[in-house]
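Okay, so here's the structure we're looking at.
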Amino acid sequence: MKIGIDIDDTITDSWECLIPYYSKLFNIDEDILHKSKPYYNAVSHLITLDEYYKLLLPIYDEVIPNVTLKENVKEVIDELYELGNTVIFITARGKDHTDAYKDSKEYLDRHHIKYDKIITNASDKAKICQEENISLFIDDSIRNCRSVSNSGIETLLFETYYNKEFDDIKHIKSWNEVYEYIKG
C-alpha cells in the first residue's frame with residue numbers, strides 16, 4: 001500500500017510549538033490561539049498573506065526544525081514499512097520555509113523517520129495523491145482530506161481540536177490507531 005502522510009500537525013505538534021510565538025508577535029492570548037484555527041487562519045484578520053509569509057519565515061526557520069513528534073509516530077511508520085508499505089510525505093510547506101524540502105528531509109532524517117519520498121509545496125494534495133497512486137492519505141486538514149477523499153482515495157483525518165466537529169471523513173486520534181486501522 002502507498003500511504004501519503006502530511007507532516008505538520010499530523011506527525012508533529014507544529015501548531016502547539018508555534019502558539020507562544022504567535023501570541024507574542026500578534027499580542028493574542030495563548031488560550032485564544034489554542035481554540036482558534038491554526039497558522040494564517042488565526043491571524044488573517046490582522047495581516048495579509050504576503051505580510052504573513054515575510055513576518056513568519058524567520059520564526060518557522062527557527063521553530064519548525066525543533067517541533068515535537070506525535071507519540072508513537074516513528075514506531076508506527078517503522079511497523080508500516082515492515083508490513084511492506086510505501087510512505088510518501090506530502091506537505092504544503094513552501095513559502096513559509098526558506099527551503100521546505102531541505103527542512104523536511106533534515107527533520108525526518110534526524111528523527112529516523114522512514115520514507116520513500118518527500119513532496120513539498122503541495123497545494124493540491126488530491127492531484128499529487130492521484131499522480132503518486134496513493135492508496136491511503138492521512139492529514140489534519142479537513143479541506144485536504146475532503147479533496148483527496150472526493151478524488152476516490154481512502155482518507156483518514158488526524159483529529160485535532162480544530163477539526164473534530166467534521167464527521168464526513170474517518171477520524172483517527174493516535175498513531176497507534178493508524179496502525180490498527182491499516183493492519184486491520
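The values are calculated or read from the model by the stated rules, or taken from the named source; none is laboratory data. All values derive from a computational prediction rather than experimental measurement. Cβ: placed from backbone, ideal geometry, glycine included. Neighbour counts: every protein chain shown. We work out accessible area using only protein heavy atoms, side chains counted, and drop any ligands, DNA or RNA first. Shrake-Rupley method; radii C 1.70, N 1.55, O 1.52, S 1.80 Å.
Okay, residues lined up against (1) hydroxyl-bearing (Ser, Thr, Tyr); (2) at positive phi; (3) touching a strand residue (DSSP E or B) at 6+ places or on another chain (Cβ under 6 Å):
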residue: Glu62; (1), (2), (3): no, no, no
residue: Ile119; (1), (2), (3): no, no, yes
residue: Ala122; (1), (2), (3): no, no, yes
residue: Asp140; (1), (2), (3): no, no, yes
residue: Asn144; (1), (2), (3): no, no, no
residue: Ser147; (1), (2), (3): yes, no, no
residue: Glu159; (1), (2), (3): no, no, yes
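Could you please let me know if Asp8 is under 19 Å from the mean Cα position of the chain (by Cα) and more than 21 Å from Cys129 (Cα to Cα)? Here the answer is no, as Asp8 does not meet what is asked.
Residues in the range 52-91 that are farther than 23 Å from Leu25 by Cα and touching an Asp or Glu at 6+ places or on another chain (Cβ under 8 Å): Leu69, Lys70, Thr86, Val87, Ile88, Phe89, Ile90, Thr91. Being under 24 Å from Glu79 (Cα atoms), of a type in the set (A, V, I, L, M) and touching a Cys at 6+ places or on another chain (Cβ under 8 Å) is a property that holds for Leu157.
Take the residues of the range 1-16 that are within 18 Å of Asn72 (Cα to Cα) and in a helix (DSSP H, G or I): which is least open to solvent (accessible area, probe 1.4 Å)?
Filtering first and then ranking leaves Ser14.
The residue of the range 21-38 that is nearest to Pro58 (Cα to Cα), among those that are in contact (Cβ under 8 Å) with a residue 40 or more places away in the chain and open to solvent by 30 Å² or more (accessible area, probe 1.4 Å), is Tyr21. Selection over the range 144-184 of residues that are in contact with a helix residue (DSSP H, G or I) (Cβ under 7 Å, 6 or more places away or on another chain), hydroxyl-bearing (Ser, Thr, Tyr) and buried (at least 17 other Cβ atoms within 10 Å of the Cβ) gives a count of 3. Restricting the range 69-102 to residues that are open to solvent by 70 Å² or more (accessible area, probe 1.4 Å) and either in contact (Cβ under 8 Å) with a residue 40 or more places away in the chain or polar (S, T, N, Q) (or both) leaves a set whose member that is farthest from Lys2 (Cα to Cα) is Thr98. Which one is least open to solvent (accessible area, probe 1.4 Å) among residues in the range 122-142 that are β-branched (Val, Ile, Thr) and under 20 Å from Asp167 (Cα atoms)? Among residues in the range 122-142 that are β-branched (Val, Ile, Thr) and under 20 Å from Asp167 (Cα atoms), the one least open to solvent (accessible area, probe 1.4 Å) is Ile138.
Whether a residue is at pLDDT below 95 and loosely packed, with under 13 Cβ neighbours inside 10 Å was assessed, and Asp50 passes this test.
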